[in-house]
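> What follows is a structure written as structure tokens; I'll ask about it next.
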Amino acid sequence: MGHVDSRSGDLGEFAALAGVRAGDAVLVRRDGAPPVSYRVASRATVDKSELPASAFARSGPPVLTLITCAPPYDPDGGGYLRNLVVTAVPLPTRD
């Protein structure tokens with residue numbers, strides 16, 4: 001999970017997720033280890049109250065799930081009302 005923006009209006013670490021589409025590549029850099037490549041399999045915008053439990057699954061095949069806030073924004077209601085959920089699968093590694 002990461003922010004799309006901040007209260008000051010600065011872009012957050014997940015601001016670029018708004019433009020991600022199925023088939024796009026995602027590279028995850030890791031400190032002290034080689035990067036891991038993924039391919040976006042799906043993206044969905046859901047109400048915060050309907051965030052799927054599968055987004056937090058700890059079993060099954062490997063998957064990368066990226067979650068950030070999504071419009072609409074309701075300043076009186078505490079912020080963004082929806083979440084953008086991007087799911088990606090690992091690409092085969094090259095030896």
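Readers should treat all values here as calculations from the given coordinates under stated rules, not as data from a laboratory. Just so we're clear, the structure is a prediction, and the values are computed from it rather than from any experiment. Note that we place each Cβ from the backbone using ideal geometry, even for glycine, and neighbour counts take in every protein chain shown.
Condition check ((1) under 13 Å from VAL85 (Cα atoms); (2) of a type in the set (Gly, Ala, Ser); (3) touching a helix residue (DSSP H, G or I) at 6+ places or on another chain (Cβ under 8 Å)) across all residues:
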position: GLY32; (1), (2), (3): no, yes, no
position: VAL46; (1), (2), (3): yes, no, no
position: PRO52; (1), (2), (3): yes, no, no
position: SER59; (1), (2), (3): no, yes, no
position: PRO62; (1), (2), (3): no, no, no
position: THR65; (1), (2), (3): yes, no, yes
position: THR68; (1), (2), (3): yes, no, yes
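> Checking GLY12 against (1) under 12 Å from THR68 (Cα atoms); (2) over 14 Å from the mean Cα position of the chain (by Cα); (3) surrounded by 13 or more Cβ atoms within 10 Å (Cβ to Cβ): exactly one of these is not met. Which one?
Evaluating GLY12 over (1) under 12 Å from THR68 (Cα atoms); (2) over 14 Å from the mean Cα position of the chain (by Cα); (3) surrounded by 13 or more Cβ atoms within 10 Å (Cβ to Cβ) leaves (2) as the failure.
> If I ask for residues that are closer than 23 Å to LEU11 by Cα, exposed (fewer than 13 other Cβ atoms within 10 Å of the Cβ) and under 16 Å from the mean Cα position of the chain (by Cα), which ones from the stretch 46-91 would you list?
ASP47, PRO71, listed by residue number.
> Does the stretch 18-25 contain any residue that is part of a strand (DSSP E or B), surrounded by 13 or more Cβ atoms within 10 Å (Cβ to Cβ) and of a type outside the set (Lys, Arg)?
So far as the stretch 18-25 goes, no, none of its residues is part of a strand (DSSP E or B), surrounded by 13 or more Cβ atoms within 10 Å (Cβ to Cβ) and of a type outside the set (Lys, Arg).
> When the residues of the stretch 24-37 are filtered to those that are closer than 14 Å to LEU64 by Cα and not charged (D, E, K, R), which remaining residue is farthest from the chain's Cα centre (by Cα)?
PRO35
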